[in-house]
Amino acid sequence: MKLLNYINGQLQEPVKGQWLDNIEPATGKVYSQIPASTADDLAQAVAAAGAAFPAWAATGAAERSTIMLRIADLIEQHQERLAQAESQDNGKPISLARVMDIPRAAANMRFFATAILHQSTETHYNEGHSLNYTLRQPIGVVGCISPWNLPLYLFTWKIAPALAAGNTVIAKPSEITPLTAFLFSELCIEAGLPAGVLNIVHGRGTEIGQAIIEHPKIKAISFTGGTATGKTIAATAAPMFKKLSLELGGKNPNIIFADCNWEEMLSTTVRSSFSNQGQICLCGSRIIIERSVYERFKTDFVARVKQLRIGDPSTDVNVGAVVSAGHLDKIMGYINSARQQGANILSGGTRVFLDGRCAEGYFIEPTIIDGLSADCNLNQEEIFGPVVTLIPFDTEEEAIAIANGTQYGLAATLWTQDLTRTHRIAEKLESGIVWVNCWLVRDLRTPFGGVKSSGVGREGGWEALKFFTEAKNVCVKL
Ligand code: NDP
């Protein structure tokens, strides 16, 4: 199977005729090829997006909304096909793709398609002098670059507000998980999205991704991915005065107090640790536990995690494959480093070899580690796999210090029944999001993003629509 670029409304092969292999993580085998796009493909995409911009920007919000809602409907109609594709391409359990990834992709389109129908702008009445009003105008051609962990979910999370606000878009999915982005381009054609409004180019981040960042006609970049890549992107785009939204890595604390609702905390912590094989930027990879319940937590948590079924992601399992051979090596490297540092591997810690179809797949047991200091590499660096560490604390101040003690600040989870403590700690956590007695409960209207090395800017709700527009103040003399 060959996936194609989507440029100027057409599905087309890469100009230079070069292709990359696409591997199924559960089998370790090549199952499709994607364009290794170059600056030549980008030139066509930017020309198409530039030509489409004036008409798309002038199309009223109601018309843009109608087309985007049609795309959302089509995602829902093709939900099962898309879920199967996401599971095959990423290695995630099919059940997760069915309940999370694909419904959320449709929700993203629907949310921003309807948000623009209810948008208003500010006025400032300067008594006796002037009336100011704010116009929010689309930027032009913008770039959206997304990672492999939640492929269609994050791809549409960026594209939807960009299109809704009236921009035309050049989008690049991760080369590791291109399949649903390709299927999405087919749905856009079916929905009647005008040619050139959305252009999807596949290929290597360092080649076509970097070319998008460098292109002078692409005026804004919305990027989700690793912190190191974010740094490279900022170094290129900032001196060009491009608007930048960077959603980067995390090393999220999950803080557990003795007074929490134990059962709810336990079942949610299993999910927040190992959903999507721990490959969600919001996973709580550092579990910080009040010392009085540390041993109890260890026993109960290990028992629960041992019940997780690991196996072929197309079947009824809880844990599928990690995304690539390279990523498997990286994760196993961290586990081996923990062993060398004398840590206790309480559960997991080894690669899993399955029989049959998945004999060469990239499977790792859900792994729980304790006995490491809070400042060692495993507690400081993002592993982004099925690995969590446990750290005990004695006082509230100590818990906050450990939670804040990394370069990251994306999301934190807090488990306690004490309301005043909740407010006190939530205020002090250096984190873009604080979940209290829950995890990954999302309301698309809320600001989403990180502090410190976890990113710059916010997505979600009006924040995303503001990012994808320029504010213009019009001042009229009274
Ligand atoms: P990467 O940073 O490696 O890649 C992200 C995207 O950027 C991919 O499409 C990649 O292409 C592309 N890319 C790579 N190099 C460049 C470049 N020089 N210029 C332009 N684009 C480039 O991240 P991963 O795909 O490995 O995703 C995992 C990371 O994403 C984790 O750190 C995770 O925390 C973070 N993440 C953050 C989220 C947030 O909201 N804060 C949400 C989800 C994930 P290619 O795949 O072809 O290399």
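The values are calculated or read from the model by the stated rules, or taken from the named source; none is laboratory data. Here the structure is a predicted model, which means the values were calculated and not measured. No Cβ is skipped: glycine too gets one built from the backbone with ideal geometry, and neighbour counts run over all protein chains shown. Only protein heavy atoms, including side chains, enter the accessible area calculation; ligands, DNA and RNA are left aside. Shrake-Rupley method; radii C 1.70, N 1.55, O 1.52, S 1.80 Å.
Residue-wise HN-Hα couplings along region 421-436, as the Karplus relation 6.51 cos²θ - 1.76 cosθ + 1.60 with θ = phi - 60° gives them from phi, are 4, 3, 5, 4, 6, 4, 5, 8, 6, 8, 7, x, 9, 10, 9, 10 Hz; Gly and Pro carry x.
Using a probe of 1.4 angstrom and keeping all protein chains present, the accessible surface of region 253-436 works out to 38 square angstrom per residue.
Based on C-alpha pairs under 8 angstrom that are at least 6 apart in sequence, region 253-436 has a relative contact order of 28 percent. Only one residue of 388, 411, 326 has its Cα farthest out toward the positive end of the dipole of region 314-414, where Lys and Arg carry +1 and Asp and Glu -1 on Cβ, and that residue is 326. The phi-based Karplus calculation (6.51 cos²θ - 1.76 cosθ + 1.60; θ = phi - 60°) puts the 3J(HN,Hα) values of region 408-413 at 9, x, 8, 9, 10, 10 Hz, whole numbers, x for Gly and Pro. Principal-axis analysis of the Cα atoms of the chain puts helix 151-164 at an angle of about 30° to the longest axis.
Considering only 280, 449, 93, and ranking their Cα positions along the charge dipole of the chain that arises from unit charges at the beta-carbon of Lys, Arg, Asp and Glu, the one farthest toward the positive end is 449.
Annotation: amide H-H contacts under 5 Å for residue 255 (H modelled 1.01 Å from N, sequence separation of 5 or more, or interchain): 288, 413, 414, 415. Here the Kirkwood formula, the inverse mean of 1/r across different C-alpha pairs, assigns the chain a hydrodynamic radius of 23.2 Å.
Rounded to the nearest 20 debye, the dipole size of region 318-444 about its Cα centre is 320 debye, using +1 on the Cβ of Lys and Arg and -1 on the Cβ of Asp and Glu. Here each label is just a point 7 Å from Cα along the line to Cβ, and for residue 398 and residue 292 those points are 1.4 nm apart. Rolling a 1.4 Å probe over the protein heavy atoms of region 287-404, with every protein chain left in place, gives an accessible area that is 48 percent carbon and sulfur. Calculated mean residue ellipticity at 222 nm for the chain: -11500 deg cm²/dmol, from DSSP H runs with n ≥ 4 weighted as -39500 (n - 2.57), summed, divided by the residue count and rounded to 500. Per residue, region 29-107 exposes 36 Å² of solvent-accessible protein surface, assessed with a 1.4 angstrom probe and all protein chains in place. For region 178-274, lysine pairs with C-alpha atoms less than 14 angstrom apart, excluding pairs fewer than eight positions apart on the same chain, total 4. Using the Karplus relation 6.51 cos²θ - 1.76 cosθ + 1.60 with θ = phi - 60°, the per-residue 3J(HN,Hα) values for region 323-334 come to 6, 7, 5, x, 5, 4, 4, 4, 5, 5, x, 5 Hz, with x marking Gly and Pro.
By the Cα gyration tensor, region 253-436 has an equivalent ellipsoid whose semi-axes, rounded to whole angstrom, run 28, 17, 15 from largest to smallest.
Distance between the pseudo-spin-label points of residue 475 and residue 43 (7 Å out from Cα toward the beta carbon): 4.4 nm.
Round to a whole angstrom and tell me the spacing of the C-alpha centers of region 7-22 and region 169-238. Region 7-22 and region 169-238 have Cα centres spaced 14 Å from each other.
Between the DSSP loop rule and a limit of at most 11 other Cβ atoms within 10 Å, which chymotrypsin sites (Phe, Trp or Tyr not before Pro) in region 358-417 are left?
On the way: sites: 362, 363, 384, 393, 408, 415; in loops: 362, 384, 408.
Loop-located and lightly packed - none at all.
Under 12 Å from a point 7 Å along the Cα-to-Cβ line of residue 133: which residues of region 460-478 have their amide N that close? Residues 474-476 fall inside that zone. Ignoring any ligand, DNA or RNA, what whole percent of the accessible area of region 1-97 comes from carbon and sulfur when the probe is 1.4 angstrom? That fraction is 52 percent. A straight Cα-to-Cα reach below 17 Å connects residue 306 with the aspartates and glutamates 263, 295, 316, 365, 370, residues fewer than 8 places away in its own chain not being considered.
Over the chain, Cα pairs under 8 Å with separation of 6+ residues give a relative contact order of 19 percent.
Counting only Cβ charges, +1 for Lys and Arg and -1 for Asp and Glu, the dipole size of region 228-284 around its Cα centre is about 520 debye. Principal-axis analysis of the Cα atoms of the chain puts helix 79-90 at an angle of about 60° to the longest axis. Annotation: extensible slack from residue 330 through residue 30 equals 105.9 nm (criterion: 0.36 nm per residue apart, minus Cα-Cα distance). Please give the helix 179-191 orientation as an angle from the longest Cα principal axis of the chain, in degrees from 0 to 90, rounded to the nearest 10. Compared with the principal axis, the helix lies near 30 degrees.
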